[in-house]
1. What about Gly133, is it in contact (Cβ under 8 Å) with a residue 60 or more places away in the chain and touching a Cys at 6+ places or on another chain (Cβ under 9 Å)?
2. Which members of the range 97-155 meet the condition of being under 15 Å from Thr86 (Cβ atoms), among the aromatic types (Phe, Trp, Tyr) and not in a helix (DSSP H, G or I)?
3. Filter the range 261-281 down to the residues that are assigned to a helix (DSSP H, G or I), out of contact with any Ser or Thr (no Cβ under 7 Å at 6 or more places or on another chain) and touching a residue at least 12 places away in the same chain (Cβ under 8 Å), then identify the one that is most open to solvent (accessible area, probe 1.4 Å).
Amino acid sequence: MRHPQIAARVFHTPLLAAPAKAAAFIMGLGPRLVGAEVSVTGAEPTPEASRRARASLLDARLEEEIGSGRRAAYRVRDGIAVIPVTGTLVHRGAWLGQSSGETSYEGLSAQLDMVGRDAMVRGVALEIDSFGGEVAGCFALADQVRALREQKPVWAFVSDHAYSAAYAIASQASRIVLPRTAGAGSIGVICMHADYSGALEQMGVQVTVIAAGAHKADGNPYAALPEAVREGLAAEMEQLRGLFAETVGQGRGARLDAAAALATEARCLIGADAVAAGLADEIANPREAFEAFADEINGRAPARPLTTAEGASSMSGPTPTTPTPQVTPPAATTPAPPAATTPAPPAASPAAPEGTAPAPAPEASSEDPKKRIAAILTSPEAAGREDLARSFAFDSDMSSAEAIRHLASAPKTGAAAGLSASIDAEATDLETPAAGEAGAPDITQRAAKRYGKA
């Protein structure tokens, strides 16, 4: 076997990785490890899983400057430390970074430790784009993120994957924001067994395993996997999945408890489905959400209302229909939104797009809240009326049927009228000027230019 040190970290060891990523790794590197073509059963690689991760979308200069040694381990923008959690997540990688497509738990831990002691940092942005990685070291880092958010608000910005180990880390943040095409979840554990016996037989090589202890050679790669060993490994994976779900429950609280995390059965959900399932809190362009985060922690009037799903918390305080979040909001916050049964004042409620009918008085609904939100956001009538649909879904108690009726009667906005219509196109090309840059337009001017408003 070639490169045994790499193979040992992939085969016969539990991984917190999306199946597509594990398959992409095996198909790409497997022949180099075993010296022959390999086949994968039970998962299919995808182009997204094979793509090299970028260090940062929120701070495009990060990768270049860290790689050249010209800057510190993290950048502070407007009081917020930006920490990328990207690529394959590995244990004991020291300061391993994106030059290799991997990020180490140790490096992230050191960054979080420094952020906690940095008086210049008032908030933390975890920029997450990862299909997961190793189990070892993951849950300790998740605990560290959860402890840090008790000191300073921590938001997770998903762009565009937060799967498995990456979701374990994201779930400990105060708030999770993702674009409508981004995915989250894969709350499960995977283990791969490589059987080299057939290949070795063709090569005329016979390996004799001599072991002391009935289970010492369980799962060795020189023989087919016995059913009893398979069952034992499956039980171990299930035990680790339970620990994963408990960790998610500790981070998400009422938004996604351990039982609900287990009930996802390791599914990966996209956009509105992820929000409806409690995996995330808001659908938004990561850069615009980052600006809103900066406004919040700096005590400025928010440039845009924060869309909050049932059970989600923001720095501005708890939503009226959910328990109080575990995170203590900082002193400089905006007032909590009014109760859902009381019409919100114009300045606090999301404005309906120009030309649309004003939101009607909410009609109380007994539907399951998550199913109601998903039904409204994914209805055909929401297309072209995304802002109004979000207002009905998150800021009213009307039933999904009633909301859909009102959406059908409201005129559609132009292609560039709402945030949702611009997320896909702008998720990777928006440029935000550095804080304090002379002559830089503020967010109001940029929003006016983007949406064509005077």
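The values are calculated or read from the model by the stated rules, or taken from the named source; none is laboratory data. Computed from a prediction, not measured in an experiment: that's the story for all the values here. A quick note on method: Cβ atoms are made from the backbone with ideal geometry, for glycine too, and the neighbour counts reach across all protein chains shown. SASA here: full protein model, heavy atoms, side chains in, ligands and nucleic acids out. Shrake-Rupley method; radii C 1.70, N 1.55, O 1.52, S 1.80 Å.
1. Considered against the rule, which asks whether it is in contact (Cβ under 8 Å) with a residue 60 or more places away in the chain and touching a Cys at 6+ places or on another chain (Cβ under 9 Å), Gly133 comes out as no.
2. Scanning the range 97-155 gives a single hit, Phe131.
3. Looking at residues that are assigned to a helix (DSSP H, G or I), out of contact with any Ser or Thr (no Cβ under 7 Å at 6 or more places or on another chain) and touching a residue at least 12 places away in the same chain (Cβ under 8 Å), I get Asp273.
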